[in-house]
Amino acid sequence: MLTRQDFPLLTVTDIRRLEQALFEIEESYAVMQRAALGLFEVITGDFPQALPGQTVHVVLGSGNNAGDGLEVATLLKQAGFSVIAYCVFEQPFSGDADEAYIIAKNTGVKIGSFFSFDCGDDDIIVEALFGIGFDRPAKGLVKVAIEHVNLTKKQQPNVTVYAVDVPTGIVADTGARLGECVMADKTVTFIADKIGLHTSDGKGAAGKVIVKDLGADLCHAHRSATHFYYTYRQREVPQHGNRHKGNFGHTLVVGGNQGMFGATALASVSALKVGVGKASVYSHPDYHSQFHWRGTPLYEVMRCLDISNIAAYSAIVLGPGLGRNTWGINTFDQVIEQLNKQRLLIDADGLYHLSNLSTNELDGLIESSGIDVITPHEAEAARLLDCRIDAIRADKPIAVRQLAQQYRCIAVLKGAGSLISDGEAVWINTTGNINLATAGTGDVLAGMIGGYLAQGLSPLEAALYGVYQHGLAADTYLAKYRQKSMRASDLWQFFHKTAPS
């Protein structure tokens, strides 16, 4: 049995409000010093003492983020590290950063204008350009500095890059990348965790995220937060007595048009792998007598030969391999007409047909039986919301909330740091890796969530847990094989056999 724990992710507006509350009870410079100390503790936790010939390169903007960088430069210099700071802008530092500059210089930190510095194999780069204030594409020397940091890391993988608060180039509220962005090994973020560090391009750019709250009172922010990341904590699994397969639901996967049966095979077996009692497939007639997956008969998966009566099924997964031809259109329409309070997940080509419904048809579907979960990727989301894909990528938290509101269901927006919304709150998944960027993994996810729906989980819990376990299986695969070589069906061997309470 597992229980979910939610952790708040705050917007820049929330962070600014908490920051001002801190400044009302103590000097802003003291808060900056505490931020630098937090960053110093992370760096010295990785490097308890300077290695022979090791240099710390601190790349500075001009505002508070630069002040944090200058303060940590001072602390590292005092701890015996060789430190060089590079000023990207010619204008003097402002506010607290100016005081930090004077102290760093007096401590012996070398400070000069930015140039393309050379790094040794074990050197450290601290990126302190913009932080949460970044809201436009980098240009000029800022762009050059970002490119140099990334090129250095690419050429010398042992160099460690720390981003201060948020990697420059990433929008803190969305994770969207505005042009070039710093690719960090670790991001030390202050006051509270940010949305953009866990989704979209921000997930990859931030690396490992470490939060230093600086003593901020997060109680009010926790009550008002509508964005979360989440995890599950395993507890003892209860052993049920007199129960049989009929107690664990029946999932029907509808799809498998000509040439696309593999999608339904992946989804139906995935439903079984997460514990559903029975799984069936309704597919194109070409496959009624050839029920195989890679040459192996699907003995455990049942055939559904007549879609005119689906009352026996607990949950329907509509769309894997469905296709967009006449058979796909007719099959979609038949399922929608037959629905009678079964749980419904729509994925893949099912989403294409959903987007083609008129307003009256969509309202009729929602009012009669409803949709429980939709699982689009970015392009499918753009079609569902009738917008450009760039608009989806620019603000995924807004997009997933709009999907949930428009279709009155739980929406899963797939991608790096997949997002799940009930129309009000947004949850960001923290499991998963690049191995999921392969054909068929979306079908596996649809089958998993469909399996959990059939077993009686609420649509929200089925989506949250399915996305989490899907990513966790990929993480377990990567930990074992340490390369991008996974096929979608490889996920099955790493599924956990427990279900959430």
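So that you can scan it fast, the table gives a plain yes or no per residue for (1) closer than 19 Å to Cys409 by Cβ; (2) touching a Pro at 6+ places or on another chain (Cβ under 7 Å); (3) hydroxyl-bearing (Ser, Thr, Tyr):
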{"residue": "Gly447", "(1), (2), (3)": "yes, no, no"}
{"residue": "Glu461", "(1), (2), (3)": "yes, yes, no"}
{"residue": "Ala473", "(1), (2), (3)": "no, no, no"}
{"residue": "Met486", "(1), (2), (3)": "no, no, no"}
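For segment 89-108, name all the residues that are surrounded by fewer than 21 Cβ atoms within 10 Å (Cβ to Cβ) and of a type outside the set (Gly, Ala, Ser).
As a first pass, look at segment 89-108 and keep what is surrounded by fewer than 21 Cβ atoms within 10 Å (Cβ to Cβ): 89-92, 94-95, 98-99, 102-103, 105-108.
Listed by number, the residues that qualify are Phe89, Glu90, Gln91, Pro92, Asp98, Glu99, Ile102, Ile103, Lys105, Asn106, Thr107.
Only one of Phe23, Phe40, Phe89 is assigned by TED's automatic domain parsing to the domain that holds Thr199, free of Cβ contacts under 8 Å to residues at least 40 places away in the same chain and over 30 Å from the mean Cα position of the chain (by Cα). Can you tell me which?
Details: Phe40 fails: over 30 Å from the mean Cα position of the chain (by Cα); Phe89 fails: free of Cβ contacts under 8 Å to residues at least 40 places away in the same chain.
That would be Phe23, the only listed residue that is assigned by TED's automatic domain parsing to the domain that holds Thr199, free of Cβ contacts under 8 Å to residues at least 40 places away in the same chain and over 30 Å from the mean Cα position of the chain (by Cα).
Restricting to segment 280-325, count the residues that are within 33 Å of the chain's Cα centre (by Cα), crowded, with 16+ Cβ neighbours inside 10 Å and at pLDDT 85 or above.
Adding up the residues that qualify gives 16.
Given (1) more than 25 Å from Leu460 (Cβ to Cβ); (2) at pLDDT below 95; (3) of a type in the set (Gly, Ala, Ser), where does Gly328 come up short, assuming only one miss?
Gly328 satisfies every listed condition except (2).
Among the numbered criteria (1) within 30 Å of Thr430 (Cβ to Cβ); (2) in contact (Cβ under 8 Å) with a residue 12 or more places away in the chain, which one does Thr107 miss?
So the condition that Thr107 fails would be (1).
Quick one: which residue in Gly131, Gly63, Gly95 is closer than 21 Å to Ala205 by Cα, at pLDDT below 90 and not β-branched (Val, Ile, Thr)?
Details: Gly63 fails: closer than 21 Å to Ala205 by Cα; Gly95 fails: closer than 21 Å to Ala205 by Cα.
Testing whether each residue is closer than 21 Å to Ala205 by Cα, at pLDDT below 90 and not β-branched (Val, Ile, Thr) leaves just Gly131.
State the number of residues belonging to segment 446-501 that are of a type in the set (Val, Ile, Thr) and farther than 19 Å from Phe248 by Cβ.
Qualifying residue count for the region: 2.
Taking segment 428-440 on its own, how many of its residues are buried (at least 24 other Cβ atoms within 10 Å of the Cβ) and not polar (S, T, N, Q)? Spell out how you get there, then give the answer.
First, the residues of segment 428-440 that are buried (at least 24 other Cβ atoms within 10 Å of the Cβ): 428-429, 432, 436.
Remaining after also requiring not polar (S, T, N, Q): 428, 432, 436.
Residues flagged as buried (at least 24 other Cβ atoms within 10 Å of the Cβ) and not polar (S, T, N, Q) within segment 428-440 amount to 3.
When you scan segment 415-432, do you find a residue that is modelled with pLDDT under 95 and in a helix (DSSP H, G or I), even just one?
The answer is no, given that none of the residues of segment 415-432 is modelled with pLDDT under 95 and in a helix (DSSP H, G or I).
The values are calculated or read from the model by the stated rules, or taken from the named source; none is laboratory data. Here the structure is a predicted model, which means the values were calculated and not measured. FYI the Cβ positions are ideal-geometry reconstructions off the backbone, even for glycines, and counts take in every protein chain you see.
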